[in-house]
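In what follows, a single structure is set out as structure tokens and then discussed.
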């Protein structure tokens with residue numbers, strides 16, 4: 001049933017983004033729809049998965065315009081959730097499909113500023129930031145591992161800033177100043193390599209292993225800030241991540 005819903009969600013997301021762009025609103029897709037649109041390997045097993053909702057991020061300056069655009073497209077606001085959390089996140093729905101809107105930043109287990117992606121071309125946030133939204137999940141699940149695998153298989157990891165490359169510098173800029181981010185990313189890269197062995201063929205396992213080794217080595221070797229070093233001394237004795245606010249659609 002979820003797979004039958006998938007093309008409907010993809011079409012709805014594209015239509016919404018076209019309407020948003022037409023109104024000069026700075027917003028981009030993230031989440032499962034963004035992974036699907038940027039990663040051809042998600043078309044087929046073993047990396048194909050169901051998609052149940054749409055996730056976007058909008059510039060702080062365009063929230064009012066986005067609300068108007070969503071109303072024009074028939075989306076209904078979750079008034080209670082938006083009243084409580086509307087400064088950072090809003091929820092909407094249309095035809096039983098949920099829309100999650102992040103405002104300027106992606107705030108879940110860790111915080112990721114996405115304003116820099118919102119003026120670029122294309123439907124989605126950058127590949128590096130898309131990967132980071134998956135690697136920041138402390139209690140990561142199978143579908144998120146599939147997304148990480150798809151992003152890494154389909155795109156090179158380089159110190160290069162273009163739409164088809166995972167910009168390694170973007171990842172390093174995050175981890176060199178934040179021990180918590182570093183720790184969660186490192187943990188999830190190790191989990192991804194371990195789970196890949198039960199999901200992928202030998203060729204893709206080799207590709208994944210090499211790319212993850214490159215990322216792990218790079219984040220270990222990048223010079224760390226004083227703030228990072230002080231937090232590292234405390235270690236895991238103190239919680240290093242946030243517990244995300246659950247969705248409550250009404």
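The values are calculated or read from the model by the stated rules, or taken from the named source; none is laboratory data. No experiment lies behind these values; they were computed from the predicted model shown. No Cβ is skipped: glycine too gets one built from the backbone with ideal geometry, and neighbour counts run over all protein chains shown.
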Within the stretch 168-182, the residues that are closer than 18 Å to residue 213 by Cβ and out of contact with any strand residue (DSSP E or B) (no Cβ under 6 Å at 6 or more places or on another chain) are 169, 171, 172, 175, 182
Checked pairs for the stretch 4-20, first on the phi < 0 side of the Ramachandran plot, second part of a helix (DSSP H, G or I) and surrounded by fewer than 17 Cβ atoms within 10 Å (Cβ to Cβ), C-beta under 8 Å and 6 or more apart or across chains, list as 19/72
Residue 79 passes all but one of the listed conditions (1) over 17 Å from residue 25 (Cβ atoms); (2) touching a residue at least 60 places away in the same chain (Cβ under 8 Å); (3) in contact with a strand residue (DSSP E or B) (Cβ under 9 Å, 6 or more places away or on another chain); the exception is number (3)
If we ask which residues in the stretch 213-233 are outside any helix (DSSP H, G or I) and out of contact with any helix residue (DSSP H, G or I) (no Cβ under 8 Å at 6 or more places or on another chain), their number turns out to be 2
Fill in: Filter pass, residue 147 being over 16 Å from residue 216 (Cα atoms), assigned to a helix (DSSP H, G or I), touching a residue at least 40 places away in the same chain (Cβ under 8 Å) and more than 17 Å from the chain's Cα centre (by Cα)
no
So the strands (runs of 3 or more DSSP E) completely within the stretch 24-120 holding 3 or more residues that are under 16 Å from the mean Cα position of the chain (by Cα) are 27-30, 53-58, 97-103, 105-107, 111-113
Of the listed residues (152, 200), the one being touching a helix residue (DSSP H, G or I) at 6+ places or on another chain (Cβ under 8 Å), at pLDDT 95 or above, outside any helix (DSSP H, G or I) and farther than 30 Å from residue 234 by Cβ is 200
For the stretch 203-250, the count of residues that are at pLDDT 95 or above and more than 22 Å from residue 110 (Cα to Cα) equals 11
